[in-house]
1. Please work out whether segment 150-303 counts as rounded, prolate or oblate from its C-alpha gyration tensor, where a ≥ b ≥ c are the square roots of the eigenvalues and a/c under 1.5 means rounded, while otherwise a/b larger than b/c means prolate and anything else oblate?
2. Find the centroid of the Cα atoms in segment 246-290 and in segment 63-100, then give the distance between the two in whole Å.
3. If you build the convex hull over the alpha carbons only and average its shadow over all orientations, what do you get for segment 51-147? Give it in nm² to one decimal.
4. Just how many % of Cα pairs in segment 53-93 lie over 10 Å apart, if you round to the nearest whole percent?
5. Mind sorting 219, 95 by how few other Cβ atoms lie within 10 Å of their own Cβ, fewest first?
6. Using the alpha carbon gyration tensor of segment 92-204, what are the three equivalent-ellipsoid semi-axes (square root of 5 times each eigenvalue), largest first, in whole Å?
7. Largest first, please: the extent of the C-alpha atoms of segment 214-328 along each principal axis, to the nearest Å.
8. Report, to the nearest 10°, how far helix 95-105 tilts away from the longest principal axis of the Cα atoms in the chain, using its own Cα long axis and a range of 0 to 90°.
Ligand code: UDP
Ligand code: MG
């Protein structure tokens, strides 16, 4: 069944026509952007794992504007297996937004977020669920090893988590991705937060509740390549930092005091030199100082701009995403 959705409704929790649907215990939410090669294998592996549990579940794909056959494959899977559902975005809205839409639509008592590229092995879901049954409300999967990633990605990721740890007030665990299990209570809180620039792994820590970690080995992508090129990674890091920290803004104050202090010393030295020798060094030093200060000021204007742009996005309050159709 294909259901048309008005995108403007997406600011609230969408109502799915689930009168004919059985309640489910687990929802697997998988964001998908151009994963046609992986999807059939992903489906097989997830279904094998979930079937072994013997409890009702749904597999909910979020098609984030894929330009390949991904959505057609979802339709085929949906036709042959009623446990498969899909949300089709009107265009690419990004990984974090796709996850958010999945949470909006998921019906399970526990929701598991899982990348569709098979980097996060679906078998780990069993461990996540075990912890959930023991009472944990957020079970995040922590990477003990990452295979098949470039040195650059590993280095930048390590640096990213360490910076985040230092400058944010919440404790975002190192080396976790979005692969995690969220209890219904947590999901119900998360879907009320409609901020535009979303760092889901931060938000799911920010909400509190009983959090536990499970460690696992991250594999290579099954097929295709990363959908996070450098520019998207930079955007993502900036979103994460601005969502949870004002430290970059406050740096301007510290820098201002530091430079004012230094220039005061400079003035004193200049006066002394002038009195003792009657002359001080010429224009070059002045020029360098002016350029240096100009640079610092531009950097901080840029930082203010990053925050300001985000405030502007929030004020406009556009819907987070626009749904083209739902395979319910
Ligand atoms: N993805 C998405 N929208 C995007 C980029 C990625 O839905 O704009 C999906 C992608 O299909 C994958 C997951 O998000 O299932 C993680 O992306 P990717 O594997 O490219 O990121 P990486 O693992 O390299 O950080
Ligand atoms: Mg990946």
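1. Numbers: a/c = 3.45, a/b = 2.45, b/c = 1.40.
Cα axes put segment 150-303 in the prolate bin.
2. Their Cα centres are 58 Å away from one another.
3. On the way: hull surface 29.7 nm².
Average of the hull's projected areas for segment 51-147 equals 7.4 nm².
4. Numbers: 576 of 820 pairs.
Cα-Cα pairs of segment 53-93 separated by over 10 Å account for 70 percent.
5. Details: 219 15, 95 21.
Exposure proxy ranking, most exposed first: 219, 95.
6. Working: eigenvalues 100, 63, 44 Å².
Its equivalent ellipsoid spans semi-axes of 22, 18, 15 Å.
7. The principal-axis extents, from largest down, are 85, 38, 29 Å.
8. Between helix and principal axis, roughly 40 degrees.
Readers should treat all values here as calculations from the given coordinates under stated rules, not as data from a laboratory. Just so you know, these numbers come straight off a predicted model, no measurement behind them. With ideal geometry, Cβ positions are generated from the backbone for all residues, glycine too; neighbour counts draw on all protein chains shown.
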